[in-house]
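Here's the structure we're looking at; comments come further down.
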């Protein structure tokens, strides 16, 4: 009889644990609008007007993020890229008669130089294919109007493209 009481009390306590649950104490999110839909086996969720603090923990290839809807992190325009040209110099700057563009290519690369005025119109363009070593390009700057120009230098190999922009002033 005593053993039966112990078994019944244990079953009662175990079943109450599964049946009864308390409200959790934690942050809540109220969405003004949103929804969810399934398209081609993928579930798309959206919400409008929620305030979410996102906390991400990463360890050994596992990423765990809390929040209702996690934003997709996509950084654009900010790159810590290496510039493929060594010893790049643009002189004199400000320039009046001529502009010298000097650089050294550490390996075989394609280089393009584009000089644009402040309104974005291309004033000069030159493409150098498969060059290795140092190069000096001299632009006749006499015919250009006084103002600010942007020199965009792009280097490319088979796998990567690097672009840097330099400000050039014409007196």
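The values are calculated or read from the model by the stated rules, or taken from the named source; none is laboratory data. Quick caveat, the model's predicted, so the values are computed rather than measured. Here the Cβ is made from the backbone with ideal geometry for all residues, glycine too, and neighbour counts use every protein chain on show.
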Per the filter on region 103-126, residues loosely packed, with under 11 Cβ neighbours inside 10 Å and assigned to a strand (DSSP E or B) are 107, 122
Any idea which of (1) touching a strand residue (DSSP E or B) at 6+ places or on another chain (Cβ under 8 Å); (2) free of Cβ contacts under 8 Å to residues at least 12 places away in the same chain is the one residue 112 doesn't satisfy? (2)
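Mind counting the residues in region 136-166 that are in contact with a strand residue (DSSP E or B) (Cβ under 9 Å, 6 or more places away or on another chain) and without any contact (Cβ under 8 Å) to a residue 24 or more places away in the chain? Steps first, answer last, please.
Restricting attention to region 136-166, the residues satisfying the condition of being in contact with a strand residue (DSSP E or B) (Cβ under 9 Å, 6 or more places away or on another chain) are 136-142, 144-157, 161-166.
The next check asks that each one be without any contact (Cβ under 8 Å) to a residue 24 or more places away in the chain; those that pass are 161, 163, 165.
Counting residues in region 136-166 that are in contact with a strand residue (DSSP E or B) (Cβ under 9 Å, 6 or more places away or on another chain) and without any contact (Cβ under 8 Å) to a residue 24 or more places away in the chain gives 3.
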Determine the pairs where a residue that is on the phi > 0 side of the Ramachandran plot, located within region 117-135, has a partner that is in a strand (DSSP E or B) and at pLDDT 90 or above with Cβ atoms under 9 Å apart, the partner being 6 or more residues away or on another chain. 120/150
